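Student: Next up is a structure, given as structure tokens.
The values are calculated or read from the model by the stated rules, or taken from the named source; none is laboratory data. For clarity, every value in this text was computed on a predicted model and none was experimentally measured. FYI the Cβ positions are ideal-geometry reconstructions off the backbone, even for glycines, and counts take in every protein chain you see. Ligands, DNA and RNA are stripped out before the accessible areas are found, and what is left, the full protein with its side chains, is counted by its heavy atoms. Shrake-Rupley method; radii C 1.70, N 1.55, O 1.52, S 1.80 Å.
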Amino acid sequence: MSQIWRNAPVKENYDPTSFFEFLKYRPANLPYFCPDQKGLTVFCRGRREQLEEILEPTPFELVDDRFAVVVTDFRNNSSYPYHDAGILLAVRFGDTVGGSFLFEFEDQHFTVASGREKWGYPKVYAHAGLDADDTTARGRVFLGDDVHLDISVDLTAEADPSAWQGLALYPHLQIRAVPEFDGPGFESFQVLSRDTSADYTLTSRHIGPATVELGDAVSFRGKRLDVLEVLGGEYKVGDFAATEENTKPTLLADLARV
């Protein structure tokens with residue numbers, strides 16, 4: 001690695017934290033809130049061999065062949081409005097079991113960068129939306145003519161949630177990996193555990209039959225993620241909060257320091 005300047009020439013009285021204004025997002029320790037948040041989750045059963053293959057480049061182990069496809073409306077967010085969507089797999093790292101986003105999309109460039117750089121969420125940019133009426137809740141993610149995912153829940157019928165009972169979606173287990181700027185590896189490879197679920201207050205929930213369509217963006221090694229069975233879904237409204245205590249993750253390991 002190149003030599004570090006111990007007495008770097010900088011502007012007088014320069015505060016590096018002012019660079020967050022240039023990045024257009026906030027530091028990681030600041031809380032944020034989203035009252036009346038809308039969320040749509042569809043639960044699926046996948047092909048275990050394919051899910052294990054997707055996890056091969058990660059330090060995680062698969063614990064369940066069920067996974068969740070989610071679209072969430074954060075437009076009431078206290079810091080900046082956006083939509084979040086993705087696919088969560090249930091994984092294990094050591095003694096910790098939780099959900100890991102292996103595919104994730106957001107519709108603001110600065111929230112893509114913020115989630116990736118602060119906490120390791122694998123976010124990429126796409127258009128997203130979540131709409132609901134008296135009969136159907138539907139979430140879509142697309143870019144141009146390419147549909148990345150399209151999910152819906154029937155609000156006129158009921159479904160049995162026992163089909164996805166016990167599926168571990170929290171805490172979120174993510175990898176914050178910072179590549180070396182002059183080498184083949186990583187300066188840091190942090191496995192983080194982050195859980196805001198304790199701060200969430202549910203207002204309403206409907207559980208019903210669901211549909212899911214996944215596009216080519218939800219692929220690994222040229223193979224689209226298989227959905228063997230759609231188990232059902234839920235449409236929730238509630239107050240999301242990431243308090244100062246729970247917005248900050250826990251460091252489980254730094255594999256670049258092992």
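Student: Would you grab the residues whose amide H sits under 5 Å from the one on Asp64? Only those 5+ places off in sequence or on another chain, please, with H modelled 1.01 Å from N.
Tutor: Those lying under 5 Å, H to H, from Asp64 are Ala90.
Student: Just the Cα atoms of the range 151-249: what Rg and Dmax do they give in Å?
Tutor: Computed over the Cα atoms of the range 151-249, radius of gyration and Dmax are 18.3, 57 Å.
Student: Separate question: What is the Cα radius of gyration of the range 1-87 over 2.2 N^0.38 Å, N being its residue count?
Tutor: Ratio of Rg to 2.2 N^0.38 Å for the range 1-87: 1.73.
Student: Also, quick follow-up: What number comes out for accessible area per residue over the chain if the probe is 1.4 Å? Units Å², please. If you can, show how the numbers build up before the last one.
Tutor: Working: 13620 Å² over 258 residues.
Roughly 53 Å² per residue, with all protein chains present.
Student: I would also like to ask the following. Once you place label points 7 Å from the Cα toward the Cβ at Phe220 and Ser18, how far apart are they in nm?
Tutor: For Phe220 paired with Ser18, the spin-label model returns 4.4 nm.
Student: For the chain, give the magnitude of the charge dipole about the Cα centre (Cβ charges: +1 Lys/Arg, -1 Asp/Glu; no others), in debye to the nearest 20.
Tutor: Here the size comes out at about 560 debye.
Student: Any idea of Glu245's accessible area? Nearest 10 Å², probe 1.4 Å.
Tutor: Only protein atoms counted, so the area is about 140 Å².
Student: Assuming R0 = 22 Å, can you tell me the calculated FRET efficiency for the pair Ala163 and Val63, based on Cβ-Cβ distance, to the nearest 0.05?
Tutor: On the way: r = 17 Å, r/R0 = 0.76.
With R0 = 22 Å, the Cβ-Cβ based efficiency is 0.85.
Student: Measure nothing fancy, just the Cα-based angle from helix 109-119's long axis to the longest principal axis of the chain, in degrees from 0 to 90, nearest 10.
Tutor: The answer is roughly 70 degrees.
Student: Just how much of Val258 is accessible, in Å², when a 1.4 Å probe is used and the result is rounded to the nearest 10?
Tutor: Probe radius 1.4 Å; accessible area of Val258 about 150 Å².
Student: Per q in 0.10, 0.13 1/Å, what log10 I(q)/I(0) does a Debye calculation on the alpha-carbon atoms of the range 17-143 return?
Tutor: Cα-only, vacuum Debye calculation for the range 17-143: -0.37, -0.62.
Student: Still on this structure, please answer the following. Give the ranking of Lys236, Lys11 by solvent-accessible surface, highest area first, calculated with a 1.4 Å probe.
Tutor: Most to least solvent-accessible, the answer reads Lys11, Lys236.
Student: Report the normalised scattering of the range 80-228 as log10 I(q)/I(0) at q = 0.10, 0.11, 0.16, 0.17 Å⁻¹, calculated by the Debye formula with identical scatterers on the alpha carbons.
Tutor: For the range 80-228, the Cα-only Debye profile gives -0.43, -0.52, -1.11, -1.25.
Student: Between Leu255 and Asn29, what length in nm is gained on full extension when 0.36 nm per residue of separation is reduced by their alpha carbon distance?
Tutor: Residue separation times 0.36 nm, minus the Cα-Cα distance, leaves 79.0 nm.
Student: Given a 1.4 Å probe and the protein chains all in place, what does the accessible area of Leu55 round to, in Å² to the nearest 10?
Tutor: Spelled out: Leu55, probe radius 1.4 Å, area about 10 Å².
Student: Using only the heavy atoms of the protein chains and a 1.4 Å probe, how would Asp239, Asp150 rank by accessible area, largest first?
Tutor: The ordering from most to least exposed comes out as Asp239, Asp150.
Student: Need one number: nm distance between label points at Ala8 and Ala113, each 7 Å from Cα along Cα→Cβ, rounded to one decimal.
Tutor: 1.7 nm
Student: To continue, here is another question. If you find the alpha carbon centre of the range 52-80 and of the range 103-121, how far apart are they in angstrom?
Tutor: First find each Cα centre; the distance between them is then 12 Å.
Student: For the chain, what is the calculated [θ] at 222 nm in deg cm²/dmol (nearest 500), taking -39500 (n - 2.57) for each run of four or more DSSP H residues and dividing by its residue count?
Tutor: The per-residue figure over the chain is -2500 deg cm²/dmol.
Student: Counting only protein heavy atoms and a 1.4 Å probe, tell me what percentage of the chain's accessible area is made up of carbon and sulfur. It would help to have the intermediate numbers written out before the result.
Tutor: Working: 6660 of 13620 Å².
Whole-percent figure for carbon plus sulfur exposure: 49.
Student: Out of the GluC sites (Glu not before Pro) in the range 64-139, which ones are loop residues according to DSSP with at most 14 other C-beta atoms within 10 Å?
Tutor: Sparse-neighbourhood loop GluC sites (Glu not before Pro): none present.
Student: Follow-up. Just by accessible area at a 1.4 angstrom probe, what is the order of Arg257, Arg47 from largest to smallest? Walk me through the numbers on the way to the answer.
Tutor: Values: Arg257 160, Arg47 80 Å².
Output order, biggest surface exposure first: Arg257, Arg47.
Student: Over 5 Å intervals from 0, what percent of Cα-Cα pairs in the chain sits in each interval?
Tutor: Calculated over all Cα pairs of the chain, the distribution is 1, 6, 11, 16, 19, 17, 13, 7, 4, 3, 2, 1, 0, 0 percent.
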